[in-house]
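Working notes, beginning with the structure itself.
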Amino acid sequence: MRKIIKEENTLIEMKCDCCGRTMKIENGIVMEGVFSIDYPWGYFSTKDGEIDSLDLCEKCYDRIISENNISITRSDNTELL
Ligand SMILES: [Zn+2]
């Protein structure tokens, strides 16, 4: 869950949607690993026109992937600054 000051488009708070822990933020930037997704459901889903948002801390992300034997595709990010 994200709280953003809309006038400034600045992130002021983010909590993990699994464990509820507040993540460290400095100057509107999350200072730790976070899995954030805003997924717009498509026409053939039962949620067409809706967007699901999810923020997970890295620890919860790793646990959910591991406990559920989810096969992920991980590749190198070649667009690092
Ligand atoms: Zn968490």
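Here THR10 meets the list (1) in contact with a Gly (Cβ under 7 Å, 6 or more places away or on another chain); (2) surrounded by fewer than 13 Cβ atoms within 10 Å (Cβ to Cβ); (3) not acidic (Asp, Glu) almost entirely, failing just condition (2). Here are some residues: GLU8, GLU32. Which one is within 14 Å of the chain's Cα centre (by Cα) and not aliphatic (A, V, I, L, M)? That would be GLU32, the only listed residue that is within 14 Å of the chain's Cα centre (by Cα) and not aliphatic (A, V, I, L, M).
Taking ASP17 as the residue in question, decide whether it is among the charged types (D, E, K, R) and farther than 22 Å from ARG74 by Cα. Against the criterion (among the charged types (D, E, K, R) and farther than 22 Å from ARG74 by Cα), ASP17 qualifies.
In the range 42-65, the residue that is nearest to the ligand (Cβ to nearest atom) out of those that are assigned to a loop (DSSP other than H, G, I, E, B), of a type outside the set (Asp, Glu) and open to solvent by 80 Å² or more (accessible area, probe 1.4 Å) is THR46.
Taking the range 14-33 as the range and being open to solvent by 50 Å² or more (accessible area, probe 1.4 Å) and in contact with a strand residue (DSSP E or B) (Cβ under 9 Å, 6 or more places away or on another chain) as the test, the residues that pass are LYS15, ASP17, CYS18, CYS19, ARG21, THR22, LYS24, ASN27, ILE29, MET31, GLU32.
Here SER71 qualifies as more than 16 Å from the ligand (Cβ to nearest atom) and either open to solvent by 70 Å² or more (accessible area, probe 1.4 Å) or part of a strand (DSSP E or B) (or both). In the range 25-41, the residue that is nearest to LYS3 (Cα to Cα) out of those that are of a type outside the set (Val, Ile, Thr) and within 13 Å of the ligand (Cβ to nearest atom) is SER36.
The values are calculated or read from the model by the stated rules, or taken from the named source; none is laboratory data. Note that this is a predicted model, so its numbers are computed, not measured. Don't worry about glycine lacking a Cβ; one is built from the backbone with ideal geometry, like all the others, and counts go over all protein chains shown. SASA here: full protein model, heavy atoms, side chains in, ligands and nucleic acids out. Shrake-Rupley method; radii C 1.70, N 1.55, O 1.52, S 1.80 Å.
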